[in-house]
1. Which one of Tyr57, Tyr46 is part of a loop (DSSP other than H, G, I, E, B), of a type in the set (Phe, Trp, Tyr) and exposed (fewer than 15 other Cβ atoms within 10 Å of the Cβ)?
2. From (1) modelled with pLDDT under 95; (2) loosely packed, with under 11 Cβ neighbours inside 10 Å; (3) part of a loop (DSSP other than H, G, I, E, B), pick out the condition that doesn't hold for Arg92.
3. So for region 97-109 (the condition being outside the structural domain of Arg3 (by TED's automatic domain parsing), under 28 Å from Ala4 (Cα atoms) and in a strand (DSSP E or B)), does at least one residue qualify?
4. Can you find even one residue in region 15-24 that is small (Gly, Ala, Ser) and farther than 21 Å from Glu55 by Cα?
5. Which of the numbered conditions does Gly37 fail, given that it passes all the others? Conditions: (1) among the small types (Gly, Ala, Ser); (2) within 16 Å of Val16 (Cα to Cα); (3) assigned to a helix (DSSP H, G or I).
Amino acid sequence: RARAFFAAHGITVDRVITDNGNNYRAVDFTGKVVSLGGRHHRIRPYTPRHNGKVERYNRLMVDEVLYARPYSSEQARREALQVWVNHYNYHRPHTSCGDAPPASLAPTRVNNVMPSYT
């Protein structure tokens, strides 16, 4: 399923960098990365700065949407997260992209972040 998604959006997987969580140490995960033509690289344990882009994204998501205010329901939180992810990818300027949103650099419109963080 992942291969079809990436191919449909013109995305090639060269390397996947992860922390050392149990889900990323699984043989099945590495096998899937390799089957997509990529290499799996795990960062050194206890050095989150080596995965800084993900850590920064997670911090922004927590600060700006997940815990920014109380939600009346899980559904309301999920909806707010979807709005934030869309804004982050398609409207928010990023200095690493020359003050353009990240999606402006992608070949086609992609929104592959799942809206559920329960």
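The values are calculated or read from the model by the stated rules, or taken from the named source; none is laboratory data. All values reported here derive from a predicted model rather than from experimental measurement. Neighbour counts run over all protein chains shown; Cβ positions are idealised from the backbone, glycine included.
1. Tyr46
2. Checking Arg92 against (1) modelled with pLDDT under 95; (2) loosely packed, with under 11 Cβ neighbours inside 10 Å; (3) part of a loop (DSSP other than H, G, I, E, B), the one that fails is (2).
3. Narrowing region 97-109 to residues outside the structural domain of Arg3 (by TED's automatic domain parsing): 97-109.
Still in the running and under 28 Å from Ala4 (Cα atoms): 97, 100-109.
Then drop every residue that is not in a strand (DSSP E or B), which leaves 100.
Checked region 97-109: at least one residue is outside the structural domain of Arg3 (by TED's automatic domain parsing), under 28 Å from Ala4 (Cα atoms) and in a strand (DSSP E or B).
4. The answer is no, given that none of the residues of region 15-24 is small (Gly, Ala, Ser) and farther than 21 Å from Glu55 by Cα.
5. For Gly37, the failing item is (3).
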